[in-house]
Amino acid sequence: MWKGDLLKIVIPGEMVWDTPKSVPHTYVEGGKTYAKVVGLMRDDRFVPLQVSYKPKVGDAVVGIVVDERGPGYMVDVNLPYNAVIPTRKVRIKLPISAAVFGKITFVDEVGNTDIGYVKELSRGKLVTVPASKVPRIIGKKSSMLEQIKKETGSAIFVGNNGYIWIVGGDMPLAIRAIDRIILKATTNGLTDDMAEWLHEEKTKKVK
């Protein structure tokens, strides 16, 4: 079991705790917890480095409409294949290249994915991030995300699939803030650090 303040790289199959824990991207065997993916251990916390997105029912996703055919719209949601918005689930006409925000309502064993509860998003900017970093960008009880929204004045839609759509406000600052969170994802006290950084960046613009 890893303990201590220093970062340690963990490889798949390596034990991270000698007790059973229900933590994403790990598995329990023989009463011990092992890593499924490459990650870092810091302060007894496992942080996956790169995890490809695997859709689950209930996930919020940002997508881009790439085609309309048969029973629905084909949507790029950062997967090797397109998801589908069944036309019966939307009452609006979606143009090709439209950005949408919705929830995954169906996933089968071969990866076919449906999206429902769809909202078309206003014109903005698409940012792609590692899906494993999405929880850090959102923060506990959405604290990090709300902080960025407040300081930049941007509307920000974050998908579990690693796509983020930013509308209005200081979009360059919002993008830089997201990049900084990804870079410093394993840092303790990151929410306070980002609050100070955002304040400093806004002060520079006023001068």
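The values are calculated or read from the model by the stated rules, or taken from the named source; none is laboratory data. These numbers come from a predicted model, not from an experiment. Heads up, the Cβs are rebuilt from the backbone with ideal geometry, glycines too, and the neighbour counts pull from every protein chain shown.
Tell me which residues, restricted to segment 162-207, are at pLDDT 95 or above, in contact with a Gly (Cβ under 8 Å, 6 or more places away or on another chain) and of a type outside the set (D, E). Within segment 162-207, Y163, W165, I166, V167, G168, G169, M171 meet the criteria. For segment 38-55, filtering for residues that are in contact (Cβ under 8 Å) with a residue 60 or more places away in the chain and within 26 Å of K103 (Cα to Cα) leaves 8.
Look at segment 77-89: where a residue is basic (K, R) and a partner is buried (at least 20 other Cβ atoms within 10 Å of the Cβ), sitting 6+ places away or on another chain with Cβ atoms under 7 Å, you get K89/V118.
Note on segment 35-65: among residues that are modelled with pLDDT of 95 or more and not acidic (D, E), the one that is farthest from G13 (Cα to Cα) is V65.
Go through the residues of segment 143-155 one by one and say whether even a single one is assigned to a strand (DSSP E or B), at pLDDT 95 or above and assigned by TED's automatic domain parsing to the domain that holds D193. Scanning segment 143-155 turns up at least one residue that is assigned to a strand (DSSP E or B), at pLDDT 95 or above and assigned by TED's automatic domain parsing to the domain that holds D193.
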